[in-house]
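One structure below.
The values are calculated or read from the model by the stated rules, or taken from the named source; none is laboratory data. The model shown is predicted, which means the values in this text are computed figures rather than measured ones. Here the Cβ is made from the backbone with ideal geometry for all residues, glycine too, and neighbour counts use every protein chain on show. Ligands, DNA and RNA are stripped out before the accessible areas are found, and what is left, the full protein with its side chains, is counted by its heavy atoms. Shrake-Rupley method; radii C 1.70, N 1.55, O 1.52, S 1.80 Å.
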Amino acid sequence: MSVGVSLVLALAAPLPALAADAALSPAWFTAATASAPLCAGGGRRVHVGFERAAAAACSIDADGQVHVTIAPENKPINPSPWYGLVVSSDAPASTIVTLHYGDSRHRYAPWTAEPGALAVRLDPQAITVAADQHAATIRLPPARTRLLIAQPPERSDDVLAPFEARVRAGQLIRADAGHSVARRPLAVYHHRPAKPRGTIVIITRQHPPETSGPQAFARFTDVLLGTSRAARAFRRRHALMIVPLANPDGFVMGHWRHNLGGVDVNRDWGPFTQPETRALGAAITAEAARDPILAVIDFHSTFHDVVYAPPQPNGPDLGEAMLQAITRDLAGADIRIDRAHNPGNGVLKSWARDQFGVGALTWEVGDDSPPARTNRLATAAATALMAAAARQ
């Protein structure tokens, strides 16, 4: 049995839910540490029995110092070194953990939590990054069990929960597009008025570690699905197709970039070699057969804020109207608008532009962009999209 398949099976038993901004319960830690540790020694144990866990190997010195190898799912790959582990300790002292990235570089400032507490970003003074950035040494405060993870902890169920609540309330319809490599459903949520002008496609989490982009996605969809007069008027005339988790296997497995097939799914729109892109591409195409696709907006995260957009259109375009609103709202802040169209490069934005002739956008939010700023921009963008739609 391959390592990937064995890990999929190991994660089949559900862990307690992690609600947004909620403390990690003792039950969560009990479940996360129930299986055999990845390594043990010096009174410490390292566990990876939870969604988004990632550590390729580890060893523990006689004095209890922990060394963890962080490696990608396969190569070549864009470097986004993800890590997620729980350290158990019998010693009433700090635990030193060194993350070894091989030829990759430290990217994500660590988050930590202990049972019954919120996950918080670790004090920067507790982190020492090597001069070549190929390793980071972290001093974890004393705790019987403590989570160490590259971004705030989440479960796939938590990602879908807000949309499932809207399904139960009758606002959205769930129609799965298909399944991932590991047969996880590709959840798609629809709003369909009686006579829509067309459909706006909103998608995120093609790349597993990205968190700030999905935050913008969450606020953006909240505004469009909200109770304001503008939102209600918008939904009377426009359909929505919402994809909150486009790469569920990579997300669950703690991958750096790829799906379980070892492919960057945002380079597979057109080739369609993977079940995720085949299913989602077919679902979008089927939606276009019902009503025109008016915009495609794909949320990601990277080192700095940037929006990848097609060349400026000659006529009205909902994606372009949203982009102009973001630019005005920033009022000169540090964001880059990159205009280009590269047919056949396998990126969703390019495929959508070629297939449907719309202003498809890739919105990349900086890893460390302040949440308040991200929420403000996402709100402004959704408001602008609705205003532009009302004028057309």
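Hey, any hits in the stretch 129-138 for a residue that's surrounded by 16 or more Cβ atoms within 10 Å (Cβ to Cβ) and in contact (Cβ under 8 Å) with a residue 60 or more places away in the chain? No, that holds for no residue. Applying the set (1) closer than 28 Å to P72 by Cβ; (2) buried (at least 23 other Cβ atoms within 10 Å of the Cβ); (3) of a type outside the set (V, I, T) to A309 leaves exactly one unmet item: (1).
Screening L118 with (1) in contact with an Asp or Glu (Cβ under 8 Å, 6 or more places away or on another chain); (2) surrounded by 13 or more Cβ atoms within 10 Å (Cβ to Cβ) gives one miss only, at (2).
Candidates M322, M386: the one that is closer than 17 Å to R219 by Cα and more than 24 Å from the chain's Cα centre (by Cα) is M386.
Taking the criterion of being hydroxyl-bearing (S, T, Y), at pLDDT 95 or above and more than 14 Å from H207 (Cα to Cα), the residues of the stretch 265-310 that qualify are T273, T285. The residues listed here are P142, P196; of these, the one that is of a type outside the set (S, T, Y), without any contact (Cβ under 8 Å) to a residue 60 or more places away in the chain and farther than 25 Å from Q215 by Cβ is P142.
Which of the strands (runs of 3 or more DSSP E) contained wholly in the stretch 120-227 include at least 2 residues that are under 25 Å from M253 (Cβ atoms) and in contact with a Phe, Trp or Tyr (Cβ under 6 Å, 6 or more places away or on another chain)? Walk me through it before giving the result.
Values: elements: 127-129, 135-140, 145-149, 189-191, 198-204.
Of the strands (runs of 3 or more DSSP E) lying wholly inside the stretch 120-227, those with at least 2 residues that are under 25 Å from M253 (Cβ atoms) and in contact with a Phe, Trp or Tyr (Cβ under 6 Å, 6 or more places away or on another chain) span 145-149.
Criterion first (at positive phi and touching a Leu at 6+ places or on another chain (Cβ under 8 Å)) does G102 satisfy it? So G102 fails the test.
From the list W111, W82, which one is under 22 Å from R52 (Cβ atoms), touching a residue at least 60 places away in the same chain (Cβ under 8 Å) and crowded, with 16+ Cβ neighbours inside 10 Å?
After ruling out the rest, the residue left standing is W82.
Evaluate the following for V252: is it among the β-branched types (V, I, T) and under 23 Å from P310 (Cβ atoms)? So V252 fails the test. Filter the stretch 257-288 for residues that are open to solvent by less than 20 Å² (accessible area, probe 1.4 Å), more than 15 Å from G178 (Cα to Cα) and in contact with a Phe, Trp or Tyr (Cβ under 7 Å, 6 or more places away or on another chain) and give the result. If the condition is that a residue be open to solvent by less than 20 Å² (accessible area, probe 1.4 Å), more than 15 Å from G178 (Cα to Cα) and in contact with a Phe, Trp or Tyr (Cβ under 7 Å, 6 or more places away or on another chain), then W269 is the only one that fits.
For residues in the stretch 289-306 being closer than 21 Å to I242 by Cβ and of a type in the set (D, E), which is least open to solvent (accessible area, probe 1.4 Å)? Among those that are closer than 21 Å to I242 by Cβ and of a type in the set (D, E), it is D298. The condition of being over 30 Å from R52 (Cβ atoms) and not small (G, A, S) holds for only one of P292, P271, P244, that being P292.
For the stretch 242-294, taking the residues that are assigned to a helix (DSSP H, G or I) and of a type in the set (D, E, K, R), the one that is nearest to A150 (Cα to Cα) is identified as D249. The set of residues in the stretch 26-55 that are open to solvent by less than 20 Å² (accessible area, probe 1.4 Å), within 22 Å of D249 (Cα to Cα), outside any loop (DSSP other than H, G, I, E, B) and in contact with a Leu (Cβ under 7 Å, 6 or more places away or on another chain) comprises W28, A32, H47. Might you check whether a residue that is in contact (Cβ under 8 Å) with a residue 60 or more places away in the chain and open to solvent by 20 Å² or more (accessible area, probe 1.4 Å) occurs anywhere in the stretch 240-252? Scanning the stretch 240-252 turns up no residue that is in contact (Cβ under 8 Å) with a residue 60 or more places away in the chain and open to solvent by 20 Å² or more (accessible area, probe 1.4 Å).
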